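In what follows, a structure is listed as structure tokens, so that the remarks can point back to it.
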Amino acid sequence: MDLSKIKPAPNSSKTKIRKGRGQGSGKGGSSTRGKEGMKSRSGYRRKLGFEGGQMPLYRRVPKFGFQNINRKEYKVVNLDTLEKLAQEKNLGKIDLDTIYNNGLVKKGNLVKILGKGKLTKKLEVHAHAFSKSAREAIESVEGTAVKL
């Protein structure tokens, strides 16, 4: 076997077309970009949302309302969920790490405890906010609600 006679299989490799290298190459002149217009220019990049001069969708659709930049968005956990968690894991204190680690809320979210359900076990609960009914329910069984 002679290594100098090795060739790729037929039609397995294509030759690169050298555009813009003169008329003799057959791809000179406008270099397959057509005649004129934005797309024929060097450095062309279409703007995001550009629809060929038609009014873009993001400008056609009406806008309404406003976003309050000071809004605090809480993820809620109910008392019945805390009761179930405390009984399963035999806990006396429920803090944010416990809530995060048990998959009730994703890490980094603000947590608010709501008063749905009954609480029978004395618990020390740490959270960013409590509803009035949740605070009363926790304190009615001699527990403590610690606001962070």
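The values are calculated or read from the model by the stated rules, or taken from the named source; none is laboratory data. None of these values were measured; they are calculated from a predicted model. Quick reminder, even Gly has a Cβ in these numbers, built from the backbone with ideal geometry, and neighbours come from all protein chains shown.
Remarks
- Given (1) within 30 Å of H128 (Cα to Cα); (2) in a loop (DSSP other than H, G, I, E, B); (3) modelled with pLDDT of 90 or more; (4) out of contact with any strand residue (DSSP E or B) (no Cβ under 6 Å at 6 or more places or on another chain), index of the condition L104 fails: (4)
- The range 118-148, subset in a loop (DSSP other than H, G, I, E, B), under 35 Å from the mean Cα position of the chain (by Cα) and farther than 14 Å from N78 by Cβ, residue modelled with the lowest pLDDT: L148
- Some residue of the range 11-30 being closer than 30 Å to V61 by Cα and modelled with pLDDT under 90: no
- Residue selected from the range 90-107 under the condition of a type outside the set (S, T, N, Q) and under 22 Å from E139 (Cβ atoms), by the criterion surrounded by the fewest Cβ atoms within 10 Å (Cβ to Cβ): G92
- Test: residue in the range 36-59 that is loosely packed, with under 10 Cβ neighbours inside 10 Å, among the acidic types (D, E), within 24 Å of S131 (Cβ to Cβ) and more than 28 Å from the chain's Cα centre (by Cα): no
- Filtered residue count, the range 1-35, keeping only those that are surrounded by 10 or more Cβ atoms within 10 Å (Cβ to Cβ) and part of a loop (DSSP other than H, G, I, E, B): 14
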